[in-house]
Every structure is written in structure tokens, then in C-alpha cells.
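Let me begin by presenting the structure, written as C-alpha cells, before commenting on it.
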Amino acid sequence: MVDHDADETYDVTVATLTRDAGPVLGRLLEAVLGQKTVRRFEVLAVDSGSTDGTLEVLERHPVRLITIDREAFNWGRTRDFAYQQARSPIVVNLSQDAVPKDDRWLDHLLRPFEDPEVAVVCGSSLPDPEREFPQFPWERNGYFYFTREIRKFVARYGRGLSFANAAVRRAVWERLRFDEQPTGEDFQFQMKLHAAGLRIAFVDDAPVLHHHNYSLGGLFRRCRNEGFALRLMGCRYSELDLLLDLAGPAKYLQWLRELKRGSLHSAADFAFPVVRPIAVYAGSRFTRGPIWY
């Protein structure tokens, strides 16, 4: 049940950070608002300068909308601001293009909180059959994060947390908070959870429909941003890492398999095994700030 009263508190806040969200946003809102749950929840959107009709879509739905200047956006700072505005003990993070798969998504995502030891719950993502473009093949086959900076992170902190689809106890956020973080604030928060000995539960029965496709430039910018973010978190990507990742044969064998299947179509599809390590290295070694991709 969704309700919005300025003086009310809720069981859950579903928060999304928006900017030029595109046509998927309407589906997302309908899916969230159509959840079959006894929990009272609010939907909160923090928009940073949309110009594509996103604001109009948000205003047509029972959403609490807060706008900030485009230049003020920062993943960590803006996420922290959204949590400050939440009026509930649990905050759900949902990417602007991640559509809950069914009407029990919210209850399934929150069920692990029945265990008081669980601080954060992370749901999964599935390809969206209604999206106008196919899933990026290297996302589908599990090779997107083959580079060594991610392996270093996982070795230290475990399976990666994603705020595309995750819920956090507000009391845990109040204890740890989000720092200034230009990108990768979910990984940064995971580091804090690890240091505090707090548990993340990963669930498979609360999926969202969420996948990407990339231009060559968009792919490079995303991977460069990730290299930059992981450097800030202490997982640097060295020249040796670059050479080892470029030389490793596994992804090239997968490239041949994808080619045989006819799965490679765009320049980004074909060039990914080389573009990712080069872009991550550029982000780790030379980048001074993220670029919106």
C-alpha cells in the first residue's frame, strides 16, 4: 500500500535517483506501485536535472519528488541525501531503469530482514524481454567483470553489492553513512559493512528486469569510471594487471564462442575484451573524475 502524507512515516521508502530516465521509468513506477504487500511504503525520487520528460512521468504518479541541480549530483552525496529524506526504517535502492519483475518483489526483497543480523539485502537482475535492445553479450555470459581490480575487491569484501536492487536498514545507514563518492557508492558502502562485521543477504526471488547495451564510447566511459572508483577504494589497476588481463586467453575463447553463436553485433560487442582492461587502466591511472555515460 502506497500513501503520501507530509507528516506520515512508512514501513519502507523505495528511492530512485533519476536523470533522463527514458521510457522504462513509467513501467518501473507502475510495477512498484502495484506491489501486493501490507507494508506502507513511499516512493521517493531525487532528480538531478532531467530534460527528457522524466519529471512529467514522475509527476503523473504518487511519487515524492525532490530536484537538485545537475552539477550537484554525486553518487555518494546524492544517495546520502535521499536517505536523509526517507521517512521509514528501511530504504530500498532501485535504479531508474530496473523494473520489479512481479508484484511480490518488495516482500521477497525484505524477507531476509526477519533475521536481525541482516543489515542489507541485495536482489538479482534479469534480462528485460520488453527492452528494445538485447542484453549486452558480455553481461549475459558473466565476463563483464573479468579484470583484476574487481577480483581484488571480491577477494577482500566478497560478492559485490549492487544498488540497482537492494534494501538497507536505515539504522545501519545512520551508523555508516555514504561518503563523497563520484561513482561506485554501493561498493564503498560494502567496504564499510565489511569493516563493521555486518551481513549482506543475497536473494534470487526478488529480481528486477535490468540490462544494458553500450555504444563503444559508452562502454569505455563506464569501464573507465569503474577503474577510477576502485582506485579510490584501494583496488588499483597496475600496468602488470593490464598486461595480464590483455593476455589472458579465457575471454578470447569466449569471444570465439560468441562469434560462432552470432551474438556479436556492435563495435562494443566485438571490442569488449580489449576495451575493458584499457578503459579500467585509464580510469585507475589517469582519470581525475567520472563522466556520465
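Taken together, the values in this text are just the output of simple stated rules run on the coordinates, not laboratory data. Only a predicted model underlies this, so the values are computations on that prediction, with no experimental measurement involved. Because the Cβ atoms are built from the backbone with ideal geometry, glycine has one as well, and the counts that use them run over all protein chains shown.
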| said: 7 Å from Cα along Cα→Cβ at both Ala247 and Ala195: what's the point-to-point distance in nm? | reply: 3.5
| task | Can you tell me the FRET efficiency between Leu216 and Asp179 if r is taken as the Cβ-Cβ distance and R0 is 41 Å, rounded to the nearest 0.05? | result | 0.80
| said: Let me check I've understood the local charge: for Phe270, count other residues with C-beta under 13 angstrom from its C-beta, Lys and Arg +1, Asp and Glu -1. What total comes out? | reply: 0
| query | region 51-144: D in µm²/s via Stokes-Einstein (Kirkwood Rh, Cα pairs, 20 °C, 1.002 mPa s)? | reply | 129
| What share of Cα pairs, in percent, lie more than 18 angstrom apart in region 90-226? | 59
| field | Added length on full extension, which subtracts the Cα-Cα distance from 0.36 nm per residue, Glu130 to Glu239 | value | 35.1 nm
| field | Shape of region 216-285, Cα gyration tensor, a/c cut at 1.5 | value | oblate
| remark: For the pair Ala271 and Asp103, the simple spin-label estimate (label points 7 Å beyond Cα toward Cβ) gives in nm 4.6
| remark: In Å, the C-alpha Rg and Dmax of region 1-105 are 12.9, 39
| task | Based on alpha-carbon positions alone, could you give the equivalent ellipsoid semi-axes of the chain from the gyration tensor, as √(5λ), descending, whole Å? | result | 32, 21, 19
| Helix 24-33: angle to the longest alpha-carbon principal axis of the chain, degrees 0 to 90, nearest 10? | 40
| query | Mind listing which GluC sites (Glu not before Pro) in region 1-88 are in a DSSP loop and have 13 or fewer other Cβ atoms within 10 Å? | reply | Glu8
| request: Express in nm, to one decimal, how much length is gained between Glu117 and Arg39 on full extension, taking 0.36 nm for each residue of separation and deducting their alpha carbon distance. | output: 26.0 nm
| query | Given a Förster radius of 35 Å and the C-beta distance between Arg156 and Glu59 as r, what FRET efficiency does 1/(1 + (r/R0)^6) yield to the nearest 0.05? | reply | 0.20
| Using modelled backbone amide H atoms (1.01 Å from N, in-plane), which distant-in-sequence or interchain residues come within less than 5 Å of Ala166's amide H? | Asn93, Gly123
| So what is the calculated 222 nm ellipticity per residue for the chain, using -39500 (n - 2.57) for each DSSP H run with n of 4 or more, over all residues, to the nearest 500 deg cm²/dmol? | -12500 deg cm²/dmol
| note | Extension length gain for Arg70 and Arg285 (0.36 nm per residue less Cα distance), in nm, is 74.7 nm
